[in-house]
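The values are calculated or read from the model by the stated rules, or taken from the named source; none is laboratory data. Bear in mind that the values here come from a model prediction, so they are computed numbers and not experimental data. FYI the Cβ positions are ideal-geometry reconstructions off the backbone, even for glycines, and counts take in every protein chain you see. The protein model used for the area step is the full one, side chains on, heavy atoms only, and it has no ligands, DNA or RNA in it. Shrake-Rupley method; radii C 1.70, N 1.55, O 1.52, S 1.80 Å.
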Amino acid sequence: MRKPKHMKHLVHLFLLPALVFYVGFMMVPIVSALMNSFFSWKGLLRDQFIGLENFIRLFTESPHKETFNRALGHNVIFFLVLVPAKLMVAYLLALLINSRIKGKEWFKTIFFMPKLLSVIVVGYLFSLILNPSYGVLNTALRAIGLEEWARPWLGHPDTALYTIILVDSWYEFGFAVLIFLVGLQSISREVYEAAKIDRATGLTLLLRITVPLSMPSIMIMTILTFISSFESFELIYAMQGTSGGPYYSTDVLALYFYRLMFSTAGGGEAIGLGSALAVILLVMIATATAVSMYFFRRKAVDY
């Protein structure tokens with residue numbers, strides 16, 4: 001018995017809740033921010049259409065220009081330090097776990113456990129650990145005779161940003177290990193056996209077989225790391241507050257957006273300037289993601 005034609009399309013109704021959620025919580029805010037960025041504002045009321053003036057003010061008008069450039073530089077540093085601190089180490093550990101090591105399931109659990117904690121909880125705990133007076137880290141350094149290493153890790157402009165980046169690496173580390181491990185385990189053993197028949201061993205296997213064939217997982221984690229670097233907010237907020245102290249040394253674009261929208265930094269034009277900054281962030285992340293995907297797809301190897 002043939003089903004009525006309309007019954008075949010009934011299954012599409014199950015996609016409706018997800019579609020409504022996506023449009024309501026993703027597309028509507030994006031379009032709203034884009035529209036708001038082209039208008040001047042009087043408090044919460046939209047005023048006149050001013051085109052790209054809000055964008056121009058962010059790039060040319062003080063103090064917005066200086067704050068934007070400084071925050072953008074910190075986001076770039078965040079990404080450049082996270083790649084070796086998190087991704088490279090995570091990939092090496094994934095290689096180790098993927099080998100015939102005993103207790104590999106325990107390692108996966110231990111590495112992933114920090115991800116189960118709230119970012120705010122992690123930020124607060126490390127604020128206590130890194131406290132210059134009674135924190136565990138400085139106390140331990142003094143106890144083992146390394147008192148000259150003890151310092152205000154979050155209180156000095158030279159160390160604050162890198163300290164937060166290392167904390168973020170620790171928090172996100174387990175997720176990266178699991179993604180890399182899935183990529184490594186998806187590589188067929190037959191490929192390795194064929195390579196060994198051709199007398200490929202050790203470093204040759206790693207560089208010629210393992211790395212090229214695990215490129216999809218490397219691509220995913222690189223893109224996710226870039227996105228998280230430019231969306232960094234919660235951890236910095238929990239450890240340093242909204243000002244990005246000390247002396248704006250940990251300020252990033254998301255914190256600057258928060259100050260524009262919800263404090264006096266934006267003045268009466270808060271919504272217009274904040275929306276312009278949100279659009280700039282969206283364009284930067286989308287462009288970098290598209291370029292990265294194109295680059296990695298060209299480097300990917302199929303088998």
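Numerical summary
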{"quantity": "Backbone HN-Hα couplings from phi across segment 221-233 [Karplus 6.51/-1.76/1.60, Hz, Gly and Pro as x]", "calculated": "6, 5, 5, 5, 5, 4, 4, 5, 5, 8, 10, 4, 8"}
{"quantity": "Potential lengthening between R151 and V76 on full extension [0.36 nm per residue; Cα-Cα distance subtracted]", "calculated": "24.5 nm"}
{"quantity": "Formal net charge of residues neighbouring Y248 (Cβ-Cβ distance under 11 Å; K, R +1; D, E -1)", "calculated": "0"}
{"quantity": "Residue-count net charge about I165 - beta-carbon cut-off 11 Å; Lys, Arg +1, Asp, Glu -1", "calculated": "-1"}
{"quantity": "Pairwise Lys count, the chain - Cα closer than 26 Å, eight or more residues apart or different chains", "calculated": "11"}
{"quantity": "Helix-only [θ]222 nm of the chain, DSSP H runs n ≥ 4, -39500 (n - 2.57) each, per residue, nearest 500", "calculated": "-19000 deg cm²/dmol"}
{"quantity": "Sum of side-chain charges, Y124 neighbourhood, beta-carbon under 15 Å (Lys, Arg +1; Asp, Glu -1)", "calculated": "-2"}
{"quantity": "Accessible area (Å², per residue) of segment 170-261, counting only protein heavy atoms and a probe of 1.4 Å", "calculated": "47 Å²"}
{"quantity": "Rounded accessible area of V182 (nearest 10 Å², 1.4 Å probe)", "calculated": "100 Å²"}
{"quantity": "Per-residue HN-Hα couplings for segment 118-127 [Karplus 6.51, -1.76, 1.60; θ = phi - 60°; Hz; x = Gly/Pro]", "calculated": "6, 4, 5, 5, 4, x, 5, 4, 6, 4"}
{"quantity": "Trypsin sites (Lys or Arg not before Pro) restricted to segment 197-303 and DSSP loop, no more than 15 other C-beta within 10 Å", "calculated": "R199"}
{"quantity": "Heavy-atom accessible surface of the chain: percent carbon and sulfur, 1.4 Å", "calculated": "69 percent"}
{"quantity": "Estimated FRET transfer efficiency (R298, E193; beta-carbon r; R0 25 Å; 0.05)", "calculated": "0.35"}
{"quantity": "Cα gyration tensor shape of the chain, rounded if a/c is under 1.5, else prolate or oblate by comparing a/b with b/c", "calculated": "oblate"}
{"quantity": "Residues with amide H under 5 Å from that of D47, placed H, sequence gap 5 or more", "calculated": "S40, W41, K42"}
